[in-house]
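Scroll down for the structure; my scribbles are underneath it.
The values are calculated or read from the model by the stated rules, or taken from the named source; none is laboratory data. Computed from a prediction, not measured in an experiment: that's the story for all the values here. Note that each Cβ is placed from the backbone with ideal geometry, even for glycine, and that neighbours are counted across all protein chains shown. Quick note on the areas: whole protein, heavy atoms, side chains included, nothing else; ligands and nucleic acids left out. Shrake-Rupley method; radii C 1.70, N 1.55, O 1.52, S 1.80 Å.
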Amino acid sequence: MFTVLLAIGVLLLLALIFGGILGYANVRFHVEGDPIVEQIDALLPQTQCGQCGHPGCRPYAEAIANGEAINHCPPGGQATIQALADLLDVEAVPLDGDHGAESAAKVAVIREDECIGCTKCIQACPVDAILGAAKQMHTVIADECTGCDLCVEPCPVDCIDMVEIGVTAQTWSWEKPQGIAASAINIIATDRQTEVTH
Amino acid sequence: MQSPQIFSFHGGIHPEENKAQSLQLPLGRPSLPSELVLPLGQHIGQASRPLVNVGDRVLKGQIIATNNGFLSSYLHAPTSGTIAGIEERAIAHPSGLSDLCMVLWPDGKEEWTELNPLDNWQAQDATHVLAHLAQMGIVGMGGAGFPTQVKLQGASKSPLTHFIINAAECEPYITADDMLIREKTAELIEGIEILQHLVKADNVVIGIEDNKPTAIAALNALLSERGSEIQVAVVPTKYPSGGEKQLIQLLTGKEVPSGQYPADIGVLCQNVGTCVAVHDAILAGKPLISRFTTLTGDALQAPQNVEVLLGTPITHLLDYADSDETKLHRLVMGGPMMGYTLDSAAVPIVKTSNCILAATKKELPTPNPEQACIRCGMCEQACPASLLPQQLLWFSKSQEHEKAEHYNLFDCIECGACSYVCPSSIPLVQYYRHTKSSIREAREANVKSDLAKQRFEARKARQDAEAAEKEAKRIARQQATAAKASTKATPAEQAEPAKAPAAAAPVSDEAKKLKIDIAIGKTKLKKRQKELLAAQEAEHLEEIQALQLQVTEQETQLAALEARLSKISATPVVPSSAPDASREKAPVNDELKKAKVDVALLGVKIKKLNKQLADTPDDQETKDKIAGFEKDLATVQAIVKKLGTATAPATKAAPENSTAKAPINGDLKKAKVDVALLGVKIKKLNKQLADTPDDQETKDKIAVFEADLATAKATVEKLSVAPAESSTAPSEKTSSNKATTASAPPIADDLKKLKIDTAIAKAAVKKVEKALKKAEEIQAPEADAIRQQLVEAQQRASDLDKALADAVNGTKTTDSTATEAKAEASVPESSAAEAKPSTPAAPANADAAKKRKIDLAIAKAGIKKAEKNIALLKEQGKDEAEITASEWPAKLLEAQTKLAELEAATDAQSQENN
Ligand code: SF4
Ligand code: SF4
Ligand code: SF4
Ligand code: SF4
């Protein structure tokens, strides 16, 4: 009888010790928030345009974490889809055309002499990139504009243009070489040819 | 003097040197070109900011652009002449893009600006000398154009073990540094000594490749003659020993760790060209306006080194070196290994251009097509940075940026050694450059998206806080009104005795407001005066004038306010009929309030019962109750209406028009609110009706409400007409002078409003059109509805346009009549001796003239707009044209006639004035 009690006692003690360690570890190494949502959110372009059908990028990140498709963000385009696919270990699918097409980076520009100072665009801008006051001329802080398009619609006099950000000598980047496929000469005659030139 | 120890670095190649060609001729000095093009971004960092304007004459060496931040540089005029433009020009850049440049037309006089050498540089503070160097526009002339003073500052942070002068010049073809050492040995040594003093380095080594014997001999001769401590380290010829990190390794045996700078291991590197420029800047006071450049390549008949002014177009240099257009195959800026092909020869020489290579087809043949990597490992053998080029190629091709970075892609110096040795002729460096720029872009995008996220979250937090605050306020208000209602219910009769002070209240209220205004005005005045004082001290002339104006204005305003206050505080002593009206009004208002409260209570009760009824649809009792309450409600509402109309005439009877307008406005507002409320109620009921289509009761209710709505609308109309009348009435009564001033601002306001409305309506038309187009594209069934909307919107826009035109006309006619009236008025006034003679007439005339001018401008703008629109419509030639085409020409005609009229009027007026 004693041995049985002893065994139970020892096991109980062990259980208590490990329970204590686990409990401490849980408190000590506690992870704040939902890390996967954070990670997804970090990959989204933060344009906050709502084209994905969510009021901002974070809500879409939450939706993705809950199983929504990863191809609903046009500003991010294929690059973002690829990154999301890598993160979530799912297949990269083409962009869902229902949510819009990928387009060149743009920035909003207010034709300032036509602005009537209604402040409607300020209320629409998700990142506070528009400067102005009631009945005063408004303007867009180009560096802060994400090009989300949201201020264009509310403007009652249609004085906001979305202007493409062109390439300057400072922002220009090297092209990728065309690679092997572009060459017509092959070392071995049996190499598969993509294109025949004579 | 013992020669220093030479170490070695990994890899490296031995391409054909091709340096002899450009050393056959002595140093050349090309003539002045017809124009110099000076890009504002010749260095790493922010582009310079222009300091002179187009058309300005500048002297040789004058600063024409200043630095634009910490990492930036100055720019100087290379010769005297005129600034012909500040515009986009093609620059020497691998992209072939253009950038902002200053264009200078030389006048050939070579007139120097005043030079300020820093003679006693040994005695000067290091920061002072560095500032001087910055102002002389000195940047690193070896490669990237890093501002020299920034580099020196970074080096002076930690003690230096070595100060290395880079004279290796390892790249094939280039001999500019070689020639510079031969030509300017003394200047070079002195420049090195200045820099040595600045950075307090003991160990100064000149690293030079053994393929420059003449230069080495010249250096050694001069150094031993001066007894200098500076050492000359002759390194074996191997590409790329001139790379900063490679040369450091050669001379010190130390490797610069990945991601760090030479300064971190106590080494500073400077190019020979920079040292000479430092000498010129300190001892001669000459800014960096010229440099040594190698012109070479088989397409040139006279390859040579030249000392050339910055901004000289390359075409000019090619002519100077007798280029053979037929042989020229590729024009390269820089050497064959690290240079880049130029699309156009019109680009200018900048501070970092060390070589122009005009190569024939044989010299630089088109590269062989790329083949697959065979993993031969030759690139790894050649890489001076000890990287694994084939791995980097792999990751670059598959866009695995993280892995590429992990394999130290950013340590690649883009020397091209790997591409040179690759048997598969893979353009490896191209891949790395592309990957590097994509990574850089991604980083920038990340920074931007982080910023956007921050701002988005900050905005959300702010909005939430605002909403919470509003909610809290709303709850507080609710509680307050609830408390008030409970206290008010019992002492309803107490309101009687409180009437007398209530009558006095409005006057004292006004007085209070005025007092507050005065206080505000006084503080403002004080502030302005303070500012004025400060401005006077600082001697800002323009500010002083502006502030003076503001102060006087404020003072007059204050005086006016004080006058009004004294008048008002005087009025309560002689209470006229006005208080009577207000006293009468007070009880009526009280009753009205009570009745309204009753209405609200009854409404709530009815709602409750209705809910009950929904639960128990057959309960006859509740139905009866509802009917009873509804009857009560109707009677109370009737009372409310009666009282409401009673207050209206009462207030109308008030003696002063100005005070009468306010209550009418209040009524108007109330009536409008009523209309809106009734509308909402009807809508709700309609919804109910939709749910229970056979409910006769709701139908009846709707009918009742609709009737109410109609009456309410009628009152709104009546009331809105009333203020108009009241506003016109007094203006007729008062003198003609006042009439114009009083009626002008409201008209102007209306006009503005109308304009804005018109703009909005037009935008709406545009939007609807867009929607229609989209709908038509997808053949949506709503297209018809949208079309209908479009027609409506267009109608509205044109209506508003017309109204606007009418309004503009109206103001004009009233203006003209007013001015006529004024003119008439001024005649008797001037004749009457006792009235202020003629002085008020002059400003009135001036005002009228100004107004007329503005009108003229508006009319002209109208014509232009109409013309533009017509042109546009013609261009489009669409169905909209049919709708509006008839309208614009008419408008144009109208505007033109108006303009003619106005012009005639102005002429007449000016003649009259004369
Ligand atoms: S579409 Fe993309 S950028 Fe726009 S809100 Fe959604 S996740 Fe953000
Ligand atoms: S300015 Fe317009 S386009 Fe730019 S971020 Fe704001 S709402 Fe979007
Ligand atoms: S280009 Fe880069 S990878 Fe190639 S050899 Fe030079 S340093 Fe090495
Ligand atoms: S040298 Fe060329 S073929 Fe050889 S391993 Fe390097 S990349 Fe591949």
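Each row is one residue, and each column tells you yes or no for (1) within 7 Å of chain A (Cβ to nearest Cβ); (2) closer than 24 Å to A:P59 by Cα; (3) open to solvent by 30 Å² or more (accessible area, probe 1.4 Å).
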position: B:I439; (1), (2), (3): no, no, no
position: B:V447; (1), (2), (3): no, yes, yes
position: B:D450; (1), (2), (3): no, yes, yes
position: B:F456; (1), (2), (3): yes, yes, no
position: B:R462; (1), (2), (3): no, yes, yes
position: B:A468; (1), (2), (3): no, yes, yes
position: B:E471; (1), (2), (3): no, no, yes
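Looking at the range B:36-50, is at least one residue farther than 22 Å from A:T168 by Cβ and in a loop (DSSP other than H, G, I, E, B)?
So far as the range B:36-50 goes, no, none of its residues is farther than 22 Å from A:T168 by Cβ and in a loop (DSSP other than H, G, I, E, B).
B:E496 - would you say it is exposed (fewer than 15 other Cβ atoms within 10 Å of the Cβ), at the interface with chain A (Cβ under 8 Å from one of its Cβ atoms) and modelled with pLDDT under 90?
Considered against the rule, which asks whether it is exposed (fewer than 15 other Cβ atoms within 10 Å of the Cβ), at the interface with chain A (Cβ under 8 Å from one of its Cβ atoms) and modelled with pLDDT under 90, B:E496 comes out as no.
Of the residues A:C121, A:C115, which is within 12 Å of ligand 2 (Cβ to nearest atom) and open to solvent by less than 50 Å² (accessible area, probe 1.4 Å)?
Every option except A:C121 fails the conditions.
I need the full set of residues from the range A:140-198 which are modelled with pLDDT under 85 and not in a loop (DSSP other than H, G, I, E, B), in order please.
Scanning the range A:140-198 gives A:I180, A:A181, A:A182.
Among the small types (G, A, S), within 16 Å of ligand 2 (Cβ to nearest atom) and either over 15 Å from A:I40 (Cα atoms) or surrounded by 15 or more Cβ atoms within 10 Å (Cβ to Cβ) (or both): which single residue out of A:G97, A:G76, A:G53 fits that description?
Being among the small types (G, A, S), within 16 Å of ligand 2 (Cβ to nearest atom) and either over 15 Å from A:I40 (Cα atoms) or surrounded by 15 or more Cβ atoms within 10 Å (Cβ to Cβ) (or both) holds for just one of A:G97, A:G76, A:G53, which is A:G76.
Hey, can you tell me all the residues within the range A:3-60 that are hydrophobic (A, V, I, L, M, F, W, C), under 30 Å from A:A85 (Cβ atoms) and more than 11 Å from chain B (Cβ to nearest Cβ)?
A:F29, A:V31, A:I36, A:V37, A:I40, A:C52
Here is a list: A:A85, A:A61. Which entry is open to solvent by less than 30 Å² (accessible area, probe 1.4 Å), within 27 Å of A:C148 (Cα to Cα), away from ligand 1 (no atom under 12 Å from the Cβ) and not polar (S, T, N, Q)?
A:A85
Could you tell me whether the range B:328-336 includes any residue that is under 30 Å from B:E35 (Cβ atoms), within 16 Å of ligand 3 (Cβ to nearest atom) and within 41 Å of the chain's Cα centre (by Cα)?
For the range B:328-336, residues under 30 Å from B:E35 (Cβ atoms), within 16 Å of ligand 3 (Cβ to nearest atom) and within 41 Å of the chain's Cα centre (by Cα): present.
How about the range A:124-141: which of its residues are within 16 Å of ligand 1 (Cβ to nearest atom) and buried (at least 18 other Cβ atoms within 10 Å of the Cβ)?
A:C125, A:P126, A:V127, A:A129
Only one of (1) part of a helix (DSSP H, G or I); (2) within 16 Å of ligand 4 (Cβ to nearest atom); (3) not hydrophobic (A, V, I, L, M, F, W, C) is not met by A:Q123, so which one is it?
A:Q123 satisfies all of (1) part of a helix (DSSP H, G or I); (2) within 16 Å of ligand 4 (Cβ to nearest atom); (3) not hydrophobic (A, V, I, L, M, F, W, C) except (2).
Which condition number in (1) within 16 Å of ligand 2 (Cβ to nearest atom); (2) within 14 Å of another protein chain (Cβ to nearest Cβ) is the one that A:V109 fails?
Only one criterion in (1) within 16 Å of ligand 2 (Cβ to nearest atom); (2) within 14 Å of another protein chain (Cβ to nearest Cβ) is unmet by A:V109, namely (2).
Are there any pairs, at least 6 apart or on different chains, whose C-beta atoms fall under 7 Å, with the first in the range A:142-154 and without any contact (Cβ under 8 Å) to a residue 60 or more places away in the chain and the second part of a loop (DSSP other than H, G, I, E, B) and more than 16 Å from ligand 3 (Cβ to nearest atom), and if so, which?
From the range A:142-154, the pairs are A:E144/A:V127; A:E144/A:A129; A:C145/A:A129; A:C151/A:C125.
Under the condition of being open to solvent by less than 10 Å² (accessible area, probe 1.4 Å), closer than 12 Å to B:D56 by Cα and not β-branched (V, I, T), which residue from the range B:72-107 is farthest from the other protein chains (Cβ to nearest Cβ)?
The qualifying residue farthest from the other protein chains (Cβ to nearest Cβ) is B:S80.
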